[in-house]
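Here the structure is laid out as structure tokens; the discussion comes afterwards.
Quick note: the coordinates plus some simple rules give every number you see, no bench work behind them. As the structure is a prediction and not an experimental result, all values here were calculated from the model. Note that we place each Cβ from the backbone using ideal geometry, even for glycine, and neighbour counts take in every protein chain shown.
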Ligand SMILES: Cc1cc2nc3c(=O)[nH]c(=O)nc-3n(C[C@H](O)[C@H](O)[C@H](O)COP(=O)(O)OP(=O)(O)OC[C@H]3O[C@@H](n4cnc5c(N)ncnc54)[C@H](O)[C@@H]3O)c2cc1C
Ligand code: SF4
């Protein structure tokens, strides 16, 4: 028999990027808000500067069985505990471009969003003001129309300067990378000191992770945050017309029911679909919000690559933010690409590098070992340059999250992920490998090479749309089937673009949360 | 902005080391993996044979890894809750318990050593060991049972790099400023 707690206005599932935005907006609007988070109750002061220790920010037992031809790199991309994956995300925050919202109507490819860039623009502007973004709007010649950044751009060390030379040689443009990192003190938070520890989580709050901006705001407005609460199901009323709360398991394994007038799922892409599918009941046999049969479908990831080069100059590659110093979106136009590939690409240039870990010096050449590895480490520490290319993936119906046979310790089926990089994404990635190496050579690299394909960011599974038969939520991220169930995070994106997803996830959540706040009477009815 | 490399180094280093709470004689002691090895702290998860193979391979992958205590580091982490575990295997979607992953990796190497050299992996000569490493380092190399030996190579190599270069001393060896915001309180005794 489950213990039933006192009702709250809103339960938010997941204390990551999207959950933190909903929590702040709704609590500030006077709602009683409870954020239930599966992972630990973390503080900024728990974020140790060490790539080895940063691995504690990752799930220990992934709730995902991946069995498709390609991996979405779930464990690399997902996080747990207060802050979610966003606790150690790099803060690279460009905006989606107008064409990303109208893929189907403009090009006959993929899906359309339920609204245009213009509709989301004020929410991007609001979020960038809240978090204190740094950048140079004029130099970003590709940037969609929007308010200028509130702060001046990020540091460019020799690393960025040397690589920019390569772009210039090939007639390509670079601009300071738009970042949710403070270049000056802002709203009581200190400026970045360019030590490159973002991947371990920025404990001074210079990077706009959830613990630095929206969760404190939410708490200040009275929202409660609770860790070690593993949500297993969203519950509906007897008629199956509205949600009435969630069921979760606490640290002791007790089953608890938390009633609420509205529920917002912000458990990141795979887990959002898993919870909906696991919440099937007699009125919703295929899972909640799944009358379209699309819960779990249109899963996307960005095919990405790292490009490396050994230079003759001291690169100062230990300086700066992990996400990079410069950006290039010259390859953003979706058509006219060399091998007929459809879709956009971008480069993030001059990432701060540490010796160890997945993105460290050693891993840039996994084939080297023995004394040669020591030599490589010495050389790399001074002369290695790096950048990351991100390519667009296409929404494909068969790329999906379903339920696995295996179960978690609470008896709930794990998520099963079946994923294959779209053919278009693969072609874009090939173009990027060639261009990336050419850029490094033009910049003067003695040797230049690229790493394997990796999946960055995970999107889709609960896509938005106008037509309830072709999408899971409407433009307010409100499920078509259940009016008081909302979904936050990149799982609602109908297209992936090649843009890092978190700024857009914030803007979408901000829009949706305001809708909830402004229409509370109807929702709570 | 002017950057003074030496100043950064001075600011970032405090002689801190990777230290973990090792179980000794019913008590718990904060030691670096290197100290744990030097003091022959008993291994909790790995057998002596498994540890010998791991150490031999890791030392060949990155000389100095054995003395830096790579096997004690791995052994210690295999005893942790998967959520707290610091091994890179986590990033590669390896399913806990991670002990099985290392056991199967060692078994796979033993099998290869027998097939190729009729010898135990820990007893291979330098040239044979090198050959074995080249085999397991080739992307996609699997045992007949389907275990991914190239992933084992990647993880063990990374474990070696973690203990040798992932610490403030390791950074110092590379003349890279550490610049910590926060040193891990329990695990680093800076
Ligand atoms: C290393 C790294 C670097 C990145 N860099 C960038 C970048 O530079 N720019 C960018 O745009 N994006 C970046 N990202 C991506 C970014 O982190 C994600 O887009 C973002 O965090 C997604 O937000 P979310 O709210 O959907 O999920 P999260 O922020 O992951 O939050 C989800 C939360 O839900 C919790 N949860 C899951 N299941 C349950 C359950 N059953 N019950 C209760 N709680 C649950 C999780 O524990 C987690 O805390 C990066 C990610 C990583 C890992
Ligand atoms: S580089 Fe800047 S944003 Fe990153 S951890 Fe350091 S201070 Fe924080």
**Message:** Among the residues of region A:143-156, are any closer than 15 Å to residue A:504 by Cβ and outside any loop (DSSP other than H, G, I, E, B)?
**Reply:** no
**Fill in**
Of the residues in region A:292-321, those that are away from chain B (no Cβ under 14 Å), part of a strand (DSSP E or B) and on the phi > 0 side of the Ramachandran plot come to A:298
**Prompt:** For region B:14-112, list the helices (runs of 4 or more DSSP H) that sit wholly inside it and hold at least 3 residues that are under 25 Å from residue A:366 (Cβ atoms) and within 10 Å of chain A (Cβ to nearest Cβ); which are they?
**Reply:** B:48-61
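Could we say that residue A:119 is surrounded by fewer than 23 Cβ atoms within 10 Å (Cβ to Cβ) and more than 16 Å from ligand 1 (Cβ to nearest atom) here? Working first, answer last.
Details: surrounded by fewer than 23 Cβ atoms within 10 Å (Cβ to Cβ): yes; more than 16 Å from ligand 1 (Cβ to nearest atom): yes.
Yes: the conditions hold for residue A:119.
Rundown of residues vs (1) within 16 Å of ligand 2 (Cβ to nearest atom); (2) on the phi < 0 side of the Ramachandran plot; (3) crowded, with 24+ Cβ neighbours inside 10 Å, yes/no style:
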site: A:6; (1), (2), (3): no, yes, no
site: A:37; (1), (2), (3): no, yes, yes
site: A:43; (1), (2), (3): yes, yes, no
site: A:63; (1), (2), (3): no, yes, no
site: A:87; (1), (2), (3): yes, yes, yes
**Fill in**
Going through (1) away from ligand 1 (no atom under 12 Å from the Cβ); (2) over 30 Å from residue A:410 (Cβ atoms); (3) touching a residue at least 40 places away in the same chain (Cβ under 8 Å); (4) in contact with a strand residue (DSSP E or B) (Cβ under 8 Å, 6 or more places away or on another chain) one by one, residue A:360 fails only at (4)
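Okay, residues lined up against (1) touching a residue at least 60 places away in the same chain (Cβ under 8 Å); (2) in contact with a helix residue (DSSP H, G or I) (Cβ under 9 Å, 6 or more places away or on another chain); (3) away from ligand 1 (no atom under 16 Å from the Cβ):
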| site | (1), (2), (3) |
| --- | --- |
| A:166 | yes, yes, yes |
| A:169 | yes, yes, yes |
| A:180 | yes, yes, no |
| A:184 | no, no, yes |
| A:187 | no, yes, yes |
| A:190 | no, no, yes |
| A:193 | no, no, yes |
| A:201 | yes, yes, no |
| A:204 | yes, yes, yes |
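Take residue A:193 and tell me if it is within 14 Å of another protein chain (Cβ to nearest Cβ) and more than 22 Å from the chain's Cα centre (by Cα).
Numbers: within 14 Å of another protein chain (Cβ to nearest Cβ): yes; more than 22 Å from the chain's Cα centre (by Cα): yes.
Yes; evaluated as a whole, the condition is true for this residue.
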**Asked** Can you name the number of the only condition in (1) under 25 Å from residue A:128 (Cα atoms); (2) within 14 Å of chain B (Cβ to nearest Cβ) that residue A:102 fails?
**Response** (2)
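Take residue A:345 and decide whether it is crowded, with 23+ Cβ neighbours inside 10 Å and away from chain B (no Cβ under 14 Å).
Details: crowded, with 23+ Cβ neighbours inside 10 Å: yes; away from chain B (no Cβ under 14 Å): yes.
Against the criterion (crowded, with 23+ Cβ neighbours inside 10 Å and away from chain B (no Cβ under 14 Å)), residue A:345 qualifies.
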**Prompt:** Is at least one residue of region A:155-164 within 10 Å of ligand 2 (Cβ to nearest atom) and in contact (Cβ under 8 Å) with a residue 40 or more places away in the chain?
**Reply:** yes
